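Below: one structure, written as structure tokens.
What follows draws every value from the coordinates through simple rules; no lab data is involved. Because the structure is a prediction, the values reported are computed rather than measured. Quick reminder, even Gly has a Cβ in these numbers, built from the backbone with ideal geometry, and neighbours come from all protein chains shown.
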Amino acid sequence: LSLAGLAAKAGRIASGEFSVEKAVKTGSGHLVIVAEDASANTKKKFSDMCSYYQVPVIFMQTKEELGKAIGKEFRASVAVLDAGFAKAMLKE
């Protein structure tokens with residue numbers, strides 16, 4: 001999550017369902033993080049979309065923790081727009 005915070009400060013994060021979906025479909029999203037406590041529908045939607053577009057997706061933390069890490073309110077989904085940050089997060 002600390003890397004997500006750094007990526008947010010660098011402006012390399014898209015958060016919120018619509019922005020994340022757009023990032024994945026346009027190819028600018030390199031990693032999607034979905035909160036564990038997101039609805040089953042949201043989890044399935046991002047899981048299916050990410051497998052179709054071949055974007056890694058991880059499920060972790062709560063909506064509150066995910067939002068706090070990037071300096072926002074509650075966030076169910078976040079897309080990392082930088083390949084370097086995405087690679088480092090996947091390594092963690």
Exercise. Please name whichever of 84, 60, 50 sits farthest to the positive end of the charge dipole of the chain, dipole taken about the Cα centre and charges placed at Cβ: Lys and Arg +1, Asp and Glu -1.
Key: 84
Quiz item: Karplus couplings for segment 39-44 from phi (6.51 cos²θ - 1.76 cosθ + 1.60, θ = phi - 60°), rounded to Hz, Gly and Pro as x?
Solution: 5, 4, 5, 5, 4, 5
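Could you estimate the translational diffusion coefficient of the chain from the Stokes-Einstein equation, with Rh from the Kirkwood formula over C-alpha pairs, at 4 °C and 1.567 mPa s, in whole µm²/s?
Details: Rh = 12.5 Å.
The diffusion coefficient I find is 104 µm²/s.
Could you give the dipole magnitude of the chain about its Cα centre, charging the beta-carbon of Lys and Arg +1 and that of Asp and Glu -1, in debye to the nearest 20?
Working: 13 positive and 10 negative charges, 43 e Å.
In debye, rounded to 20, the chain gives about 200.
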Quiz item: Using 7 Å Cα-to-Cβ label points, what is the residue 74/residue 90 separation (nm, one decimal)?
Solution: 3.1 nm
